[in-house]
Amino acid sequence: MIKPFRTLMWTAVATLLAASMSYAGGINHRPDHTTLAAKYRPVLLERFLKYTTYDSQSDNDQDITPEQIETAQKLYEEIKALGYKVQLTPHYYIYVELPSNVPYPTPVLGFSSHYDTTPDVPGKNIHANVINKYDGKPIVLKNGHVIDFNSDPYLKQMIGKTVVTSDGTTMLSGDDKAGVSIMVTLLQTLKENPKLKHGKVQIVITPNEDVGRSADYIEETPYRPDIAFDFDGKVNGDVTVGNFNAEKVIYRVTGKNGHQSHAAENGYRNAWAPACELGAACAREEWLPNNSTGNQGYAELHHMNMVNGQMSQAELDFRLRSFRQSDIDAWKDYAQTKADAIAQKYDVKIEREVFKQYQNVAENVHPMARKVADNALRRAGVTPSFKEERAGTTASMLMLKLGKGAYTIFTGQQNAHNFTEWLSEEDMFKSYWVALNMLDEVASQREPDPIPAPSHKPGYIIPAAR
Ligand SMILES: [Zn+2]
């Protein structure tokens, strides 16, 4: 009687031990990448400096700029030369997929970044200025631009470290060449160190982020990760875990043309009185952005249009922002009730059109994302600072398209869209290290049940070379 019971007990103990070792476990079970990461640190900076010489400005009025096409092709060639089967889509998204090298199902890990730069500041002929062992003095650039502790208090923490700026005649383009450098250096690291364990990894580098269109053609790629991180954040430790939901609501008021003097007989109806009443009803003082802070959203009447100069047509454009979709839905219910009543009162037609702009990533994020980020940062010696952004992010645009939320990770870029843009080399390096750590953090997330392979369209899957 005794023997079988003991055997049973030891079997249970052994099973539990094995499970705890192969399963998530503590962060102590993860490999230490200190030496490996340090080896690639100079490579990462060198790559970043090379990318700053690529002009890749996006443009609000063009689908894609020739400069972006050229940059996308250079990146495509570089990743191909590393030995990967890389995909360049018809709309110049760069996509690489690495098959899992662990013998069990894991969540699919996604990384994103963007190679375009803002059209708001000159971005041609960037001359990066590398300051080693920064001494704490104001950094004086051409054209009277100065970066100092007043303009950038975070710069104080860079004393003794490496800072990169432009020469003052252009931006630096750390937004988001830092993220792109991290992605490509990670690919190089994985190719040169095939023993590094990871589940399936999908990497996408997008165009047009700085003109708000980075998600427009994401469907061209098979990028459908379960757990995803966007590398486009700023200060060391920053992880953006939430952002506004954003909708644009257009109300169109249609009256009827005719001579005003005989409106009673000919049915002439001016659209402006009902439009103004609807505007006033739906842009209440307590909803204005004026006093909205913290986790409070807002709703404002952004502008009103007279359509084709006609008295009988008016258009109201409302912008709604909230961390909670329920707030936006409640506003829309209220506005619709008002619109119906006003339409009846003035004998006009009022129609509504809703445009979803971006979505809070927190509404559908992988349950392990926070833990993965937390462990990955701490293992790189970084204290995580989880934040919510009172705006949209690339991740929030991807969220709207793909329905999966991603966190945004710091990359060391500072003061983006400015002549005084600068980069903390150390923060970029730490971010790369975090990405490296995320590979085995996710590889240790054995899925309890095998997950079915994502149903990509045939012909779109291009597995990595090895
Ligand atoms: Zn960016």
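Can you work out the FRET efficiency for the pair Met304 and Ser151, with r the C-beta to C-beta distance and R0 = 45 Å, to the nearest 0.05? In this case the efficiency is close to 0.75.
With Cα atoms defining each centre, region 114-170 and region 267-322 are spaced 41 Å apart in the structure. Residues His259, His145, His29, arranged from fewest to most other Cβ atoms within 10 angstrom of their Cβ, appear as His259, His29, His145.
Of all aspartates and glutamates in the structure, those lying under 15 Å Cα to Cα from Lys256, and not within fewer than 8 positions of it along the same chain, are Glu265, Glu315, Asp347, Glu351. Given +1 at the Cβ of Lys and Arg, -1 at the Cβ of Asp and Glu and no other charges, the dipole of the chain around its Cα centre is 1760 debye to the nearest 20.
Beyond 29 Å between alpha-carbons counts as too far, so tell me which of Lys80/Lys248; Lys80/Lys161; Lys80/Lys177; Lys74/Lys387; Lys156/Lys248 fall in that bin. Pairs exceeding the cut-off: Lys80/Lys248; Lys80/Lys161; Lys74/Lys387; Lys156/Lys248.
Taking the Cα centre of region 216-332 as reference, the dipole from Cβ charges on Lys and Arg (+1) and Asp and Glu (-1) amounts to some 440 debye. By the count of neighbouring beta-carbon atoms within 10 Å, fewest first, Leu109, Leu400 end up ordered Leu400, Leu109. Under 20 Å from a label point set 7 Å out along the Cα-to-Cβ vector of Gln296, the amide N atoms of region 240-274 belong to 243-247. Here each label is just a point 7 Å from Cα along the line to Cβ, and for Asn129 and Glu286 those points are 5.2 nm apart. Since only Thr254, Ile227, Pro122 are under comparison, the one whose Cα sits farthest along the positive direction of the charge dipole of the chain, derived from C-beta charges on Lys, Arg, Asp and Glu, is Ile227.
With r defined as the distance between the Cβ atoms of Lys401 and Asp167 and R0 fixed at 22 Å, what FRET efficiency is calculated, to the nearest 0.05? If you can, show how the numbers build up before the last one.
Working: r = 38 Å, r/R0 = 1.71.
My answer for the efficiency is 0.05.
Potential lengthening of the chain between Arg378 and Asn193 amounts to 64.3 nm, from the contour at 0.36 nm per residue minus the alpha-carbon distance.
Take the Cα of Glu353, step 7 Å toward its Cβ, do the same at Lys371, and the gap between the two points is 4.6 nm. Mean projected area of the Cα convex hull of region 245-357, taken over all directions, amounts to 7.2 nm². Legend: ranking of residues Phe318, Phe231, Phe386 from fewest to most surrounding C-beta atoms inside 10 Å; resulting order Phe386, Phe318, Phe231.
Readers should treat all values here as calculations from the given coordinates under stated rules, not as data from a laboratory. The shown structure was predicted, so the numbers you read here are calculated from the model rather than taken from an experiment. Neighbour counts are summed over all protein chains in view; Cβ atoms, including those assigned to glycine, are modelled from backbone coordinates with ideal geometry.
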